[in-house]
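For reference, the structure discussed in these notes is given below.
Nothing in this text is a laboratory measurement; each read-out follows from the coordinates by a stated rule. Worth saying up front: this structure is predicted, and the values here are computed from it rather than measured. So basically every Cβ, Gly included, is an ideal-geometry build from the backbone, and we count neighbours across all protein chains shown.
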Amino acid sequence: MSSLSTLLRPPVLPPDASAQRPYSGARKEIGDMLEALRARLDMDVAFVSRQIGSTHRIFTHVAARGVSPLASGDHNPNENSLCWLVIQGKLPERVTDTSHYEAAACLPITDAINVRSHFSVPMRRRDGRVHGSLCCFSYRPRPDIDERDMEMIRSVAAIVSDQIEGRIELEEQGIDAAQEIARLIGDDDIAIIHQPIYDLTDWHLIGHECLMRHKSDPHRSPIELLERARTAGKTVELELHVARKALATLDPAHPERFVAINVSSATLASQELARMIPASFASRLVIELQDHDTVGHPAAVRQTIQFWKERSWVAVNSTGGGFSGLRALVDLGPDIVKLDHDFLSGLAADPARRALVKALVQFAADTEVTLIAQGVETREDLQALRELGVRFAQGYILGKPAQPQRGTPVC
């Protein structure tokens, strides 16, 4: 007889995040249904397992009477799995006595955990692929379990499978996105372009915002790429790669100009970003905090911003929230607030917007914050910004994003 620890030892798995952990969604609901089914049929153990390719399965939910021989997270090779025999059609779903089936009786796990009756239903995805099983077994033969009982097991399996399907899809999306982001970084398939930023008092160029583009598919939205990175949990990796490339575009011929790089709050707080940026870059670097997940942790974000203000300029993006929105951003303590296109569009013809921008300019001056208007697209709006005292701006009317000037990189 094989030891149980050997039978259920973790296998060597592929580097697939979805294959290395149990289902992470709806754990309590599935567990409650499983226990109710086990009790209703007077079984010793009921479990849900997940297939890992064609080699192994992992027990994701276990309900038992007393001490269970299985635990959530245990692995079992398919070659020693009664459920796998059911999936392959080598055993029926209803096995009232395992001693009556040679295929079941000869498996080491049958004796190791004392499976004397076994009732297993494969769980299928909407496209028909099997992703796991719902199983009940008893330590004694159970000739009393009839087809009506099996229908109950199938019904619960269908409900559980439906709950799990959405989680599987999310995991697959994350895996696919992670592979894409890894390829983008590994193949260096990201390009940097510059959006010029001007001082409107004398129209001179003061710096560039660095934007990323997909080299192989230049028309693909950077927002989509960032969303793919977020789905994969790879936002920091992608943003660090982009930042590294952006820093290399600093123009040594114009040390008075800066570059602005865009990061999320997670990247802003990462040690990798701090290690990447030399102290000598302080006067030539603007770090723009792009996301707005600061509501729940404003103190932590403010602390991170204060750290970076000693090493660069720090900007945050307005989302068009007006005076109250700007005040919330100013409370974070940045050097710069960038006014969004949606907030400024149509400024020249809208007296209410003009009055609000005028108040924002005064408020920014009182709080020692610099305003930069972004997304300026018409001459009329540009002139209105100058008249209202907004000193710095960027947008298509001033210059479209373009390849950075070639030269010897600073880093």
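Here are the numbers for the structure shown:
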{"item": "For the chain, calculated [θ]222 nm from helices alone, where every DSSP H run of n ≥ 4 adds -39500 (n - 2.57)", "result": "-11500 deg cm²/dmol"}
{"item": "Rounded if a/c under 1.5, otherwise prolate or oblate - region 151-277, Cα gyration tensor axes", "result": "prolate"}
{"item": "Over region 188-393, relative contact order from alpha-carbon pairs under 8 Å, at least 6 apart, %", "result": "16 percent"}
{"item": "Neighbour net charge for VAL286 - beta-carbon separation under 13 angstrom, K R +1, D E -1", "result": "+2"}
{"item": "Cα-centred dipole magnitude for region 188-393, charges only on beta-carbon of K, R (+1) and D, E (-1), debye, nearest 20", "result": "220 debye"}
{"item": "Among SER133, GLY399, ALA105 the positive-end extreme of the charge dipole of the chain (Cβ point charges)", "result": "ALA105"}
{"item": "Selected from LEU356, LEU240, LEU371 as most flexible by GNM, with the chain as the system and alpha-carbon contacts under 10 Å", "result": "LEU356"}
{"item": "Radius 11 Å from Cβ of ARG65, net charge of other residues (Lys, Arg +1; Asp, Glu -1)", "result": "-2"}
{"item": "Extreme residue, positive dipole direction of region 4-171, given options GLY66, GLN88, MET43 (C-beta unit charges)", "result": "GLY66"}
{"item": "Most positive-pole-ward Cα, GLY346, PRO334, ALA365, against dipole of region 188-393 from beta carbon charges", "result": "PRO334"}
{"item": "Percent antiparallel among DSSP beta bridges (both partners in the chain, rounded to 5)", "result": "65 percent"}
{"item": "Of ARG167, ARG148, ARG311, the one that fluctuates the most in a GNM where the chain has Cα springs shorter than 10 Å", "result": "ARG148"}
{"item": "Cα gyration tensor, region 149-202 - rounded (a/c under 1.5), prolate or oblate", "result": "oblate"}
{"item": "Percent antiparallel among DSSP beta bridges (both partners in region 188-393, rounded to 5)", "result": "35 percent"}
{"item": "For the chain: relative contact order, % (alpha-carbon pairs under 8 angstrom, 6 or more apart)", "result": "12 percent"}
{"item": "Global form of region 106-184, assessed from the alpha-carbon gyration tensor, a/c cut-off 1.5", "result": "oblate"}
{"item": "Cα-based radius of gyration of the chain once divided by 2.2 N^0.38 Å, which approximates compact folds", "result": "1.39"}
{"item": "Evaluated at q = 0.10, 0.11, 0.18 Å⁻¹: base-10 log I(q)/I(0), Debye formula over Cα of region 188-393", "result": "-0.43, -0.52, -1.40"}
{"item": "Simple Cβ-charge dipole of the chain, Lys/Arg +1 and Asp/Glu -1, about Cα centre, in debye nearest 20", "result": "380 debye"}
